[in-house]
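Engineer: The structure is given below, and queries will be raised subsequently.
The values are calculated or read from the model by the stated rules, or taken from the named source; none is laboratory data. The structure presented is a predicted model; accordingly, all values stated were derived computationally and were not measured. Glycine gets a Cβ as well: all are built from the backbone with ideal geometry, and neighbour counts include every protein chain shown. Accessible surface is based on the protein model in full, side chains and every heavy atom, while ligands, DNA and RNA are left aside. Shrake-Rupley method; radii C 1.70, N 1.55, O 1.52, S 1.80 Å.
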Amino acid sequence: MKTWQFGFMTLELILVAYLDLKNKKISNLWSVFNLGIALILWPLGMLGVWDFEVLIFPVAFVVIGFFLFQWKIMGAGDSKFLATLFLCLPLSLHLILFERLLTATMMVGFILLMTRIFRDPVRFKSYFLSRHWSGIRDMIRSRFSYAPVMLLAWLLLGATLWF
């Protein structure tokens with residue numbers, strides 16, 4: 001991946017993360033935009049040689065994202081944007097970005113979990129000792145904007161590629 005491509009996608013992810021934090025929604029226009037970029041870059045050979053393997057992660061994100069959306073875990077825009085983001089990457093970076101995405105998700109999830117527990121430790125302790133699992137679940141449950149997590153994963157990818 002060239003530096004200008006990384007920079008361009010970084011700017012896009014910063015904007016999408018800001019809008020996701022502000023509106024709690026990722027517009028379908030961003031997915032269409034990414035799809036357009038992919039349809040321009042792949043034929044020009046800027047992302048390597050086209051292969052059907054390129055579709056593994058995007059299709060998986062759409063399929064799994066559908067179920068996560070049904071269970072109210074992830075927004076539909078998040079999974080569509082993530083799928084099209086992977087279409088804008090060379091195949092050689094798919095697994096690396098996926099690993100960084102898992103890392104960023106666990107980091108942010110852990111921080112959110114700890115802040116919720118430490119916000120009211122007495123209540124958490126009483127729920128835990130009384131085995132009131134639904135109370136714990138309700139206490140730590142949160143919906144958060146996922147685009148900033150994608151941005152963090154992207155920056156971790158950049159750190160991997162250039163440092």
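Engineer: Considering only region 69-93, state which residues are free of Cβ contacts under 8 Å to residues at least 60 places away in the same chain and under 13 Å from the mean Cα position of the chain (by Cα).
Structural biologist: Those that are free of Cβ contacts under 8 Å to residues at least 60 places away in the same chain and under 13 Å from the mean Cα position of the chain (by Cα): Ile73, Ala76, Gly77, Ser79, Lys80, Ala83, Thr84, Phe86.
Engineer: Any idea which of Leu157, Leu152, Leu161 is in contact (Cβ under 8 Å) with a residue 60 or more places away in the chain, crowded, with 17+ Cβ neighbours inside 10 Å and either in a loop (DSSP other than H, G, I, E, B) or out of contact with any Pro (no Cβ under 7 Å at 6 or more places or on another chain) (or both)?
Structural biologist: Leu157
Engineer: Residues in region 84-106: is at least one surrounded by 12 or more Cβ atoms within 10 Å (Cβ to Cβ), in contact with a Lys or Arg (Cβ under 8 Å, 6 or more places away or on another chain) and under 24 Å from Leu15 (Cα atoms)?
Structural biologist: No, that holds for no residue.
Engineer: So which helices (runs of 4 or more DSSP H) stay within region 1-96 end to end and still have 3 or more residues that are of a type in the set (D, E, K, R)?
Structural biologist: 3-23
Engineer: Give all pairs with beta carbons closer than 6 Å in which a residue from region 124-136 that is surrounded by 14 or more Cβ atoms within 10 Å (Cβ to Cβ) meets a residue that is hydroxyl-bearing (Ser, Thr, Tyr); count only pairs at least 6 apart in sequence or on separate chains.
Structural biologist: Taking only residues 6 or more apart or on different chains, the pairs are Gly135/Tyr127; Ile136/Tyr127.
Engineer: Same structure, new question: I'd like the residue in region 11-50 that is in contact with a Gly (Cβ under 9 Å, 6 or more places away or on another chain) and either farther than 19 Å from Ala83 by Cβ or aliphatic (A, V, I, L, M) (or both) and, out of all such residues, is most open to solvent (accessible area, probe 1.4 Å).
Structural biologist: Lys24
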